[in-house]
Every structure is written in C-alpha cells, then in structure tokens.
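See structure below.
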Amino acid sequence: MARLPRLSLAGYPHHVIQRGNNRQAIFSSVADYRFLLELIRQYARDCQVAVHAYVLMSNHFHLLMTPQEGEGLGRMMQGVGRSYVQYFNRQHKRTGTLWEGRYRSTVLQTERYLLQCMAYIDLNPVRAAMVAGPQDYPWSSFAHYTGQRADPLVSPHPLYWELGNTPFAREAAYQSLVQAGVDGSAQQALTDATLRGWALGEPDFVADLQKRTGRRIIKSKAGRPPLAPPKFSE
C-alpha cells in the first residue's frame with residue numbers, strides 16, 4: 001500500500017517522533033545529545049519552525065513544533081536527520097542508516113492536546129523508568145518551563161503564557177500539570193495518531209482540518225462501503 005503524503009500544515013502544532021533503526025541507540029555520548037539539540041535549533045530557525053517542547057531519549061526523540069509554512073517542518077527534519085547521521089557515523093566510525101525510516105508526525109488540536117502533549121513528552125523518561133521525575137532528566141524542555149534554566153531552543157506556545165500572569169505562576173502551573181500526568185487514553189491517542197499520521201482532535205476540528213488539505217487525515221472505516229439499496233419499480 002502506498003504511503004500517504006505527510007500531513008504538515010502551517011500554523012498548527014505537530015507532534016513528531018523519530019526512532020533509531022531497529023530501536024538502536026542514537027546517542028553514545030553527552031556530545032551527541034548536545035550536537036543534535038544544536039542541529040534542531042539551527043534548522044528550526046532557518047526553516048521558521050517554533051519548537052515548543054522536546055525530549056531526547058536513548059533510541060528516539062520527540063518534538064512538539066509549529067511551522068510557519070507547510071513545507072518548513074519537512075525541510076527542517078530532513079536537514080536535522082541527514083546532518084546528524086553524517087556526524088554520528090563520522091564521530092563513531094560507523095556506516096549505514098541510523099533512523100527507522102522517515103519521521104512520524106501528527107497535527108494536534110491546540111486547545112485539546114497541546115499542553116497534554118507537552119506533559120506526555122516531559123514524562124517519557126519517567127515512563128521509561130530512567131528517572132524518578134522529569135526534573136531529573138537533562139535532555140528535555142521541562143527545565144525551561146519550570147524555571148531551572150533558559151533553553152534557547154524553546155519557543156513557548158501562546159497557550160503556555162495563559163497558564164499565569166507571572167513567570168512564577170506559569171512555572172508552578174506547568175509543573176502541577178505535569179505532576180498530574182496524562183491519562184492512559186490520551187497517551188494512547190497521542191502515540192497512535194503520531195505513528196500513523198492521523199490528525200488528532202475533536203470531530204469539528206478534524207472536519208475543518210480536512211477542508212484545508214486534500215490528504216485523508218483520519219483512518220478509514222474498515223470494510224467495504226455499504227451497497228446502495230435495490231430499486232424497485234412501482
């Protein structure tokens with residue numbers, strides 16, 4: 001079955017996952033993590049993509065981003081992917097592929113899923129039992145949003161600014177949001193939509209989004225379409 005063209009729309013937040021080939025590690029040193037973050041920052045700037053949240057795991061990474069133009073996200077990810085593989089292979093004296101195919105992504109309904117997706121991203125290391133809390137993991141945007149450090153890669157979404165009238169209020173509200181966690185159904189929805197490339201949101205959002213693109217954005221119903229009822233002469 002032919003792959004659907006990638007769903008990428010200007011002005012909408014996109015959740016992106018890029019996995020290592022065969023779940024292999026994509027980092028071998030602290031320098032590798034730092035190099036990938038710098039690549040993401042440079043290409044995001046050049047391609048006019050705002051990075052709202054990220055986490056770099058041992059064998060994959062997540063990004064939450066809004067492109068200013070539809071093609072910007074694809075150009076950014078292509079540049080990051082190619083440049084990092086060249087660096088990684090040269091640095092570690094290896095050849096061949098590093099990624100498990102192309103990156104996966106979904107378009108999110110902002111009001112319904114953006115903050116949940118940020119929490120989902122920040123809680124990845126906790127779910128993987130790598131750390132006790134997101135504050136203990138150095139390779140995510142959590143520290144930026146909770147006032148632990150300023151991260152030049154991160155561009156907060158306007159929805160984050162609405163969490164409070166002062167930096168302290170926003171930081172405390174976001175920390176509480178992450179501590180509350182993301183329920184299992186939302187986790188599954190975020191994962192499935194991203195891996196399959198379907199838009200994620202309420203029916204009205206999806207219907208409106210479908211008008212903006214000729215690409216199918218939700219899964220088709222299983223089975224054949226129903227047959228038309230037979231016509232009888234009177």
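Looking only at residues of the stretch 69-97 that are of a type in the set (Val, Ile, Thr) and in contact with a helix residue (DSSP H, G or I) (Cβ under 7 Å, 6 or more places away or on another chain), we find that the one that is farthest from residue 39 (Cα to Cα) is 95. Quick check, is residue 175 surrounded by 11 or more Cβ atoms within 10 Å (Cβ to Cβ), modelled with pLDDT of 90 or more and part of a helix (DSSP H, G or I)? Yes; evaluated as a whole, the condition is true for this residue. Selection of the stretch 91-146 for residues being over 15 Å from residue 17 (Cβ atoms) and β-branched (Val, Ile, Thr) yields 95, 97, 110, 126, 131, 146.
Yes/no per residue for (1) part of a helix (DSSP H, G or I); (2) over 23 Å from residue 44 (Cα atoms):
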| residue | (1), (2) |
| --- | --- |
| 113 | yes, no |
| 125 | yes, yes |
| 171 | yes, yes |
| 182 | no, yes |
| 207 | yes, yes |
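Figure legend. Inter-residue proximity from the stretch 92-109: first residues assigned to a loop (DSSP other than H, G, I, E, B), second residues aromatic (Phe, Trp, Tyr) and at pLDDT below 90, beta-carbon distance below 6 Å, spacing 6+ or different chains. Indicated pairs: 109/205.
The values are calculated or read from the model by the stated rules, or taken from the named source; none is laboratory data. Remember, it's a predicted structure, so these values are computed and weren't measured experimentally. Counting neighbours? That spans all protein chains shown, and the Cβs are built from the backbone with ideal geometry, glycine included.
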